[in-house]
1. When you scan the range 421-443, how many residues do you find that are within 33 Å of the chain's Cα centre (by Cα) and closer than 22 Å to GLY462 by Cα?
2. Considering only the range 269-384, give the helices (runs of 4 or more DSSP H) lying wholly within it that have at least 1 residues that are aliphatic (A, V, I, L, M), under 16 Å from PRO230 (Cα atoms) and modelled with pLDDT under 95.
3. Only one residue in VAL152, VAL136, VAL108 is in contact with a Phe, Trp or Tyr (Cβ under 9 Å, 6 or more places away or on another chain) and either among the hydroxyl-bearing types (Ser, Thr, Tyr) or within 14 Å of the ligand (Cβ to nearest atom) (or both). Which one?
4. Could you look through the range 280-312, keep only residues that are hydrophobic (A, V, I, L, M, F, W, C) and farther than 26 Å from GLN233 by Cβ, and pick out the one that is surrounded by the most Cβ atoms within 10 Å (Cβ to Cβ)?
5. How about the range 220-250: which of its residues are surrounded by 23 or more Cβ atoms within 10 Å (Cβ to Cβ) and part of a strand (DSSP E or B)?
6. Look through the range 210-254, keep the residues that are among the aromatic types (Phe, Trp, Tyr) and within 11 Å of the ligand (Cβ to nearest atom), and return whichever of them is nearest to GLY316 (Cα to Cα).
7. If I filter the range 383-415 down to residues being among the charged types (D, E, K, R) and under 28 Å from the mean Cα position of the chain (by Cα), which single residue comes out as farthest from LEU438 (Cα to Cα)?
Amino acid sequence: MRLPGGDLPARLADRLHALDYTVEGVRLLLGPVAAGALDREEVVPATRTLIGDESPLSLVSRAFMLGEGVDARLLEGALGVAVDELRDLVVEADGVVRASVELAPYGVDDHNWYVASDWSSRRTGRPTRTEHVLGVGGASTMLAQCTVRPDVDRALDIGTGCGVQALHLAGHSRQVVATDVSRRCLDLAAFNAALNQVTLDLRQGSLLDPVAGEQFDLVVSNPPFVIGSPESQRHDYRDSGLDGDGLCAALVRGVADHLTEGGWCQLLANWEIADGDDWAQHPRSWVADGGLDAWVIQRDVQDPAAYVETWLRDAGQQTSDGYRAAYDAWMTVLDSRRVLGIGFGLITLRRGGREAPFQRFQHAAQEWVQPVAPDVERWFAVQDVFAADPSGVLLRPIRVGPDVVVEQHREVGGSEVVTLIRRATGMAWTGPIDPFGLDVLDALDGVRPAAEAVLGAAVNQGVTPEEALAASLPVLRQLAEEGFVL
Ligand SMILES: C[S@@+](CC[C@H](N)C(=O)[O-])C[C@H]1O[C@@H](n2cnc3c(N)ncnc32)[C@H](O)[C@@H]1O
């Protein structure tokens, strides 16, 4: 791709900022209804809102977010650059300019970035092509919000696509290496890095090949984890070309050699659940020999038909003539592998330096309130604390998290009361709690040692202090892992 170089990306970004072409600025321009529709990739309300509006912010939004053709001279005026200088970002015909890629503001917290990527099939109404460069989507933001962000020396983004994870990493890493198999992705990632004035070390190649012999403090990947798509339907962004969930297996198995002591790896993954297997069978086998701490969270399971439909729709293939044949061919592959379900989730690995690493596999389908990165970090810290000095935990002042509520349920006319604790943020865990646990929770004040709360609960519940102290450790551990107590 011929994308603008030199100082043009920085000039362009300055101009876009000056126009208030930001997530918030566009939301204000469009109003809540059209902005809400655009979040769902529906452009009609936004098009209706901006019709005839030739203000600079409107022109830029119409061209680069809605994909409309706009007057070339007006766009030049808005951007302060000649259309020719935009090179392959746009095509011009008869004085009308159309953006050949989406160039959208993207931001979390107080960041405002610009990200160029290919138009989605929802925008074009056509199936995406094999080398489609994904924009910032639900999976991208999920991974970004789950990623732990200590200040690190070296970070790696595998399968960088438009570079969104790498932009995040650049905020807290001295050096960011970002890889992809696709030249088109790397071209767009380089342009996005220049737009956002960050430095990325971009390398072409598969998985860990481009970083042979190197180590990192943090590795992230939102890889092409989709399972079973036949060769004829391959897309770079979703299909690896490896059998089954082989790509995620290779990544998890391979990354151990690339993590520094204390280093982290976080990735989104899919795994096959074959007839007769428990859901964690595949991820368990991937982490078995790497010597890494592992927390594998399954967020969702789809049956093969729902899965195939999801991904055919994602690539805009549901309207194509070959839909039935594509569906059939994909189901044939999954059937041949005896796949009954496909799990989706988040894998977090850490080189903890322990002989017997912590490894846990949990299904957590509850709605998360992002960001959950603090919950991830806490889970690992809790493992360390309990491994170092389990009973010492009782000497610590422990407090209840600020987002914790207690709920009691009783069936109408029934007498049994079920007590639940619920967190309102982060991973938003919910679970039953018994009277002993509840008494402990109520008495934890964050000042006195936790043991005092446990001994008070022992009196209330009529159990011996020894029994109470022994029973409290697993309870406190679970409460701490799930963020109910801090
Ligand atoms: C789902 S997209 C993720 C893009 C971006 N990182 C994000 O979070 O939105 C997966 C990316 O992996 C790249 N990819 C595909 N096969 C790969 C491989 N074997 N090694 C490295 N990257 C690969 C694709 O080109 C694509 O850019």
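The values are calculated or read from the model by the stated rules, or taken from the named source; none is laboratory data. Since the model is a prediction, treat every value here as computed from it, not as a measurement. Cβ atoms come from the backbone with ideal geometry, glycine included; neighbour counts cover every protein chain shown.
1. Qualifying residue count, the range 421-443: 3.
2. By residue number, 304-314, 323-336.
3. Residue meeting the stated conditions: VAL136.
4. Checked the range 280-312; the qualifying residue surrounded by the most Cβ atoms within 10 Å (Cβ to Cβ) is VAL296.
5. VAL220, SER221, VAL226
6. The extreme case among them is TYR237.
7. Here the answer is ASP384.
For (1) β-branched (Val, Ile, Thr); (2) at pLDDT below 95; (3) assigned to a helix (DSSP H, G or I), each residue gets a yes or a no:
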| position | (1), (2), (3) |
| --- | --- |
| HIS409 | no, yes, no |
| GLY413 | no, yes, no |
| ARG422 | no, no, no |
| ASP439 | no, yes, yes |
| ALA457 | no, yes, yes |
| GLU466 | no, yes, yes |
| ALA480 | no, no, yes |
